[in-house]
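Visitor: Sharing a structure below in structure tokens format, with a few things to ask.
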There are 2 protein chains.
Amino acid sequence: MPTPRTTVRRLPNRGFYDRETIAAILDEGLVCHAGFVADGQPFVIPTLYARREDRIYVHGSAVSRMLRTLAGGVPVCVTVTIVDGLVLARSAFNHSMNYRSVVVLGTATVVEGEEKVRALETIAEHVAAGRWREVRGPSANELKATLVLSLPLDEASAKVRTGPPEDEDEDYALPHWAGVLPLSMVAGSPMPDPRLPAGTAVPPSVRGWRRPRAG
Amino acid sequence: MPTPRTTVRRLPNRGFYDRETIAAILDEGLVCHAGFVADGQPFVIPTLYARREDRIYVHGSAVSRMLRTLAGGVPVCVTVTIVDGLVLARSAFNHSMNYRSVVVLGTATVVEGEEKVRALETIAEHVAAGRWREVRGPSANELKATLVLSLPLDEASAKVRTGPPEDEDEDYALPHWAGVLPLSMVAGSPMPDPRLPAGTAVPPSVRGWRRPRAG
């Protein structure tokens, strides 16, 4: 449901407010940019995140300035952007970008206990599906050193641009090439840790990594 | 030169403040996330940008809320993040990400006249090198409908993580695979506009697109 603060105003046909569109973008993105204010100055910091049902989780060191600021309940904006392509028009003016983004406004709360472990699992699985069960889980001390925050998706909106360029009528007669150059995030060959015993098999979470996830 | 607001405090060995490191990250990134405050609420919005010498430019519609807010001289934070890979450790706790990011704090000013056209050229060339000269340049009305802002790089810092995971000493004996999965942004096959005459050649700006740029 759009609020006055999340309504896409200038190009309203690019705005989406349904749960499915928002969830799909959040699930495909890898890094969010979290914005908060300290001493009147906005800060925008990239960090991993994950969605579970109607909230997103972020985590970090318990001594991180960003995490501690957000844990204080200040207003936050979390934005996730997926770049899908360059939109190359016949005029410089009509160049654009195909992208999908989600903006979430709200205040975060600290997650504790069993939900904290589940939230960390959710983040690990968001980054690389299957990874949580392939590795050593967090110790009590590691949990203590980690702050996990939850932000509800109550006030969220998506903005999506797809399709070819939209040129001025008279520009279609120009001889310039126009179209879309698709862009995507792809994985290269896994680079084993230098201290890994030779012959250690690359696990499914790494071997099968792709965005968007299969299925 | 780091200021108290841009000094990387928690993991100081990841902080860089030299002009070359900051410029290289800004020149490779494609989209920035601009943060500003309106009615006490931070907003984080993705947008194209480009660096020229010791400033970055952003542009947009002259009626965009973000652009008009920033043009008013409010504090802004512009963050550029390049994701280089997933850092997969033997423990969930030591998972991380290889990335390069730049955070710029300051206030933006409106760019007019000849610098405005040059700034638009800089942005076009940043997105796709060579594109400016392949297409129709902006008309007087298009220039009027566009707002261009300049943000100095006076208060900027970079944060960079590279290399393999750093596991706990005792975890190196675990059998779990560990290493880095490199990630990068790649271009697919150009998709011609449906209204493009058959046989229109794909131009160098599109054919040769890559990040980071060659040379």
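Values in this text are rule-based calculations from the coordinates and carry no lab data. Predicted model, so just to flag it, every value in this text is computed and none were measured. Neighbour counts run over all protein chains shown; Cβ positions are idealised from the backbone, glycine included.
Visitor: Less than 15 Å Cβ to Cβ from B:L26, Lys/Arg counted +1 and Asp/Glu -1: what total charge do the surrounding residues give?
Guide: Numbers: positive: B:R19, B:R51, B:R52, B:R55, B:R100, B:K159, B:R211, B:R213; negative: B:D18, B:E20, B:D27, B:E28, B:E53, B:D54, B:E125, B:D154, B:E155.
Charge balance in the 15 Å sphere: -1.
Visitor: Apply 1/(1 + (r/R0)^6) to the Cβ-Cβ distance of A:R161 and B:E170, taking R0 = 35 Å, and write down the FRET efficiency to the nearest 0.05. Write down the numbers at each step before the final one.
Guide: Numbers: r = 49 Å, r/R0 = 1.41.
It comes to 0.10.
Visitor: 7 Å from Cα along Cα→Cβ at both A:E53 and B:R195: what's the point-to-point distance in nm?
Guide: 4.9 nm
Visitor: Next up: Placing unit charges on C-beta atoms (Lys and Arg positive, Asp and Glu negative, everything else neutral), compute the dipole magnitude of chain B about its Cα centre in debye, rounded to 20. Display every interim value, and only then the final one.
Guide: On the way: 25 positive and 24 negative charges, 139 e Å.
Its charge dipole is roughly 660 debye.
Visitor: Still on this model: In peptide A:73-82, how many Cβ atoms from other protein chains are near each Cβ within 10 Å, on average? Could the numbers behind the result be given before it?
Guide: Values: counts 0, 2, 6, 3, 9, 2, 8, 3, 8, 1.
Per residue, the average neighbour count from other chains is 4.
Visitor: Let me ask something else. Relative to the other copies, what are the label-point distances for A:G72, with labels 7 Å from Cα along the C-beta vector, expressed in nm at one decimal and sorted shortest first?
Guide: List, nearest first: 2.4 nm.
Visitor: Starting from the Cα of A:K144, step 7 Å toward the Cβ, then list every residue of the range A:32-71 with an amide N under 15 Å from that point.
Guide: A:62-63
Visitor: Round to the nearest 0.05 the FRET efficiency obtained for B:Q41 and A:S61 when R0 = 35 Å and r is the Cβ-Cβ distance.
Guide: Numbers: r = 26 Å, r/R0 = 0.74.
E between B:Q41 and A:S61, to the nearest 0.05, is 0.85.
Visitor: Could you work out the relative contact order of the range B:12-164? I mean the mean sequence separation of Cα pairs under 8 Å and 6+ apart, divided by the number of residues, in percent. Walk me through the intermediate numbers first.
Guide: Numbers: 287 pairs, mean separation 48.5, N = 153.
This gives 32 percent for the range B:12-164.
Visitor: Please state the Cα pair-distance histogram of chain B with 5 angstrom bins from zero: what percent is in each bin?
Guide: In order of increasing distance, the bins hold 1, 6, 12, 15, 15, 15, 13, 9, 6, 4, 2, 1, 0, 0 percent.
Visitor: Sorted by packing (mean other beta-carbon atoms within 10 Å per residue), highest first, where do B:183-193, A:168-178, B:89-99 land?
Guide: Details: B:183-193: 16.5, A:168-178: 14.5, B:89-99: 20.8.
The most tightly packed comes first, giving B:89-99, B:183-193, A:168-178.
Visitor: Can you give the net charge of the other residues whose Cβ lies under 11 Å from the Cβ of B:P165, counting K and R as +1 and D and E as -1? All intermediate terms of the calculation are to be shown ahead of the outcome.
Guide: Working: positive: A:R195, B:R90, B:R161; negative: A:D193, B:E166, B:D167, B:E168, B:D171.
Local net charge: -2.
Visitor: Okay, moving on. For B:R68 and B:R211, calculate 0.36 nm times their separation in residues minus their Cα-Cα distance, and state this gained length in nm to one decimal. Let's see the in-between values first.
Guide: Working: separation 143, 0.36 × 143 = 51.48 nm, distance 3.07 nm.
Going from the current span to full extension adds 48.4 nm.
Visitor: From the label point of B:E166, set 7 Å from Cα along Cα→Cβ, how far away are the matching label points in the other copies, in nm, ordered shortest to longest?
Guide: 4.9
Visitor: Next up: Looking only at other chains, what is the average number of their beta-carbon atoms within 10 angstrom of each beta-carbon in A:205-213? Write out the running numbers ahead of the final one.
Guide: Numbers: counts 4, 7, 2, 0, 4, 0, 1, 0, 0.
That works out to 2 on average.
Visitor: If you put a point 7 Å past Cα along the Cβ direction, how far is that point for A:E20 from the same point in each other copy, in nm, smallest first?
Guide: Listed shortest first, these distances are 5.3 nm.
Visitor: Between rounded, prolate and oblate, where does the range A:1-122 land on the alpha carbon gyration tensor, with a ≥ b ≥ c its root eigenvalues, rounded for a/c under 1.5, else prolate if a/b exceeds b/c?
Guide: Numbers: a/c = 1.97, a/b = 1.69, b/c = 1.16.
The shape class here is prolate.
Visitor: Moving on to the next point. Could you give the C-alpha radius of gyration of the range A:129-196 expressed as a fraction of 2.2 N^0.38 Å, taking N as the number of residues it contains? Walk me through the numbers before you get to the answer.
Guide: Values: Rg = 23.7 Å, N = 68, 2.2 N^0.38 = 10.9 Å.
Computed over Cα atoms of the range A:129-196, the ratio equals 2.17.
Visitor: Averaged across A:115-123, how many Cβ atoms of other chains sit within 10 Å of each residue's Cβ atom?
Guide: Values: counts 0, 0, 1, 0, 0, 3, 1, 0, 2.
Whole-number average of other-chain Cβ neighbours for A:115-123 is 1.
Visitor: Net charge around B:I82, counting only other residues with Cβ within less than 9 Å of its Cβ (Lys, Arg = +1; Asp, Glu = -1)?
Guide: On the way: positive: B:R100, B:R211; negative: B:E28, B:D84.
Overall, the nearby charge balance is 0.
Visitor: Semi-axes of the protein assembly as shown's equivalent ellipsoid from the Cα gyration tensor, sqrt of 5 times each eigenvalue, largest first, rounded to whole Å? Working shown, then result.
Guide: Numbers: eigenvalues 258, 126, 89 Å².
Gyration-tensor ellipsoid for the protein assembly as shown: 36, 25, 21 Å.
Visitor: With a cut-off of 19 Å, note down the residues of the range B:137-159 whose backbone N falls inside the zone around a label point 7 Å from the Cα of B:V110 toward its beta carbon.
Guide: Answer for the range B:137-159: B:139-152.
Visitor: For a bin width of 5 Å, list the pair-distance distribution of the range B:158-215 built from all Cα-Cα distances, rounded to whole %.
Guide: Bin by bin from 0 Å, the calculated values are 4, 11, 15, 13, 11, 9, 9, 8, 7, 7, 4, 3, 1.
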